[in-house]
1. In segment 1-35, what residues are within 16 Å of the ligand (Cβ to nearest atom) and of a type in the set (Val, Ile, Thr)?
2. Out of everything in segment 18-58 that is among the charged types (D, E, K, R) and under 16 Å from the mean Cα position of the chain (by Cα), what residue ends up being nearest to Glu134 (Cα to Cα)?
3. Any residue in segment 46-61 that is open to solvent by 40 Å² or more (accessible area, probe 1.4 Å), in a strand (DSSP E or B) and either within 15 Å of the ligand (Cβ to nearest atom) or acidic (Asp, Glu) (or both)?
4. Any chance you could count how many residues in segment 97-122 are under 16 Å from Leu73 (Cβ atoms) and open to solvent by 40 Å² or more (accessible area, probe 1.4 Å)?
5. Go through segment 112-128 and report how many residues are farther than 14 Å from Asp88 by Cα and touching a residue at least 60 places away in the same chain (Cβ under 8 Å).
6. Give the residue, chosen from Leu92, Leu68, that is surrounded by 15 or more Cβ atoms within 10 Å (Cβ to Cβ) and out of contact with any Pro (no Cβ under 8 Å at 6 or more places or on another chain).
7. Return the residue satisfying two criteria in turn: it lies in segment 130-155 and is open to solvent by 60 Å² or more (accessible area, probe 1.4 Å) and in contact (Cβ under 8 Å) with a residue 12 or more places away in the chain, and of such residues it is nearest to the chain's Cα centre (by Cα).
8. Considering only residues that are part of a loop (DSSP other than H, G, I, E, B) and surrounded by 19 or more Cβ atoms within 10 Å (Cβ to Cβ), which ones fall in segment 31-45?
Amino acid sequence: MKLLVVCLGNICRSPMGEGALRARIERSPLAGRIEVDSAGTAGWHHGKPPDPRAVACARRHGVDISGLRARQLQPADFLHFDHILCADPDNLDDALALAPPEARARAALLLPWAGITAASVVPDPYYGDDTDFEHSWTLLEAAAEAAVQRLSARPDSGIIGP
Ligand code: 4NP
């Protein structure tokens, strides 16, 4: 299974989401079975590492995202990835504008897709402070936990029988 986390710039929320998902998957029976990547609907930061505040936030939680580099979402991502998981509704709209018609169903909001009901949006911390990055991290980590629980229970996870 292949998962792509999407936000606007690919320097704050989606690299933190990628890091949180990777870290949680590695500690689960899904380790080695799930490909995780991230992208931004905008290309402004192409090739850049995550925002230093996102790197510091992830590091406080034991996850190193300093090696990630930003890239822009492409229509071809809809053919490679099974799920295009967007941080907020604007990201979802922008992603859907790129989606080949047959692959539109692959795009979703990350939090509801993962099974989180308390919130549906990961707010953009770019114009905020460390508290805002921590809030985003909390939501992304909860999504990673819920996604691992949900995916582990799927018959096609390879972990449990049909
Ligand atoms: P992200 O945050 O979508 O979570 O990566 C942003 C990063 C950069 C900008 C906006 C949001 N920007 O305007 O450059």
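The values are calculated or read from the model by the stated rules, or taken from the named source; none is laboratory data. None of these values were measured; they are calculated from a predicted model. All Cβ positions, glycine included, derive from the backbone under ideal geometry; neighbour counts span all protein chains shown. Just so you know, the surface numbers come from the protein's heavy atoms only, side chains and all, with ligands and any DNA or RNA stripped out. Shrake-Rupley method; radii C 1.70, N 1.55, O 1.52, S 1.80 Å.
1. In the first step, residues of segment 1-35 are kept if they are within 16 Å of the ligand (Cβ to nearest atom); the result is 4-21.
Val5, Val6, Ile11 - these are the residues of segment 1-35 that are within 16 Å of the ligand (Cβ to nearest atom) and of a type in the set (Val, Ile, Thr).
2. Here is the first cut: in segment 18-58, the ones among the charged types (D, E, K, R) are 18, 22, 24, 26-27, 33, 35, 37, 48, 51, 53.
From what's left, under 16 Å from the mean Cα position of the chain (by Cα): 18, 22, 24, 26, 35, 37, 51.
Working: Glu18: 15, Arg22: 18, Arg24: 17, Glu26: 22, Glu35: 25, Asp37: 21, Asp51: 14 Å.
Restricting to residues being among the charged types (D, E, K, R) and under 16 Å from the mean Cα position of the chain (by Cα), the top hit is Asp51.
3. No, because not a single residue in segment 46-61 is open to solvent by 40 Å² or more (accessible area, probe 1.4 Å), in a strand (DSSP E or B) and either within 15 Å of the ligand (Cβ to nearest atom) or acidic (Asp, Glu) (or both).
4. 4
5. Residues that pass the stated criteria total 0.
6. Details: Leu68 fails: out of contact with any Pro (no Cβ under 8 Å at 6 or more places or on another chain).
Residue meeting the stated conditions: Leu92.
7. Initially, segment 130-155 is screened for residues open to solvent by 60 Å² or more (accessible area, probe 1.4 Å), giving 130-132, 135, 138, 141, 145, 149-150, 153-155.
Cutting the leftovers down to in contact (Cβ under 8 Å) with a residue 12 or more places away in the chain gives us 130, 135, 141, 145, 149-150.
Details: Asp130: 19, His135: 15, Glu141: 10, Glu145: 12, Gln149: 16, Arg150: 15 Å.
Ranking the qualifying residues of segment 130-155, first place goes to Glu141.
8. Here is the first cut: in segment 31-45, the residues part of a loop (DSSP other than H, G, I, E, B) are 31-34, 41-45.
Of everything in segment 31-45, those that are part of a loop (DSSP other than H, G, I, E, B) and surrounded by 19 or more Cβ atoms within 10 Å (Cβ to Cβ) turn out to be Ile34, Thr41, His45.
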